[in-house]
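Remarks on the structure that follows.
Coordinate-derived values only; no laboratory data. Predicted, not measured: the structure shown is a model, and the values here were computed from it. We place every Cβ from the backbone using ideal geometry, glycine too, and count neighbours over all the protein chains shown.
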Amino acid sequence: MSGKPIASPNSWKLEDAKAQFSEVVRRAHSQGPQRVTIRGRESVVVISVEELDRLTRPAPKEPFLDFMEGLALSEIRLEREDDRGRDPDL
């Protein structure tokens, strides 16, 4: 085995990824996610911490007023019958 990635520049056989782990990590930083295959099937992906942080960063919270205005509640027709309750049994 030549130790070079297979299929694409970002795909590695497991044995090659193990033998050249430093290179896999370097490429994850410089070229993006590195896919590792086992028996010809994609199994895992090595990504940089920066990429993980970008992917798992929560969306910024919208201010409550903007959220409420975005609901378009003025377009909903709400009607309610005059409810006087019920007569209690005494």
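The table below lists the values:
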item	result
Cβ-based net charge around S43, under 15 Å, with every Lys or Arg adding one and every Asp or Glu removing one	+2
Most mobile of A72, A59, A19 in a GNM of the chain (Cα contacts under 10 Å)	A72
Helix 21-30 vs. the chain, principal-axis angle (Cα, 0 to 90°, nearest 10)	50
DSSP bridge orientation in the chain - percent antiparallel, rounded to nearest 5	60
In segment 14-90, GluC sites (Glu not before Pro) in a DSSP loop with at most 13 other beta-carbon atoms within 10 Å	E79, E81
Extended-chain gain in nm, criterion 0.36 nm per residue less alpha-carbon gap, N10 and L55	14.3 nm
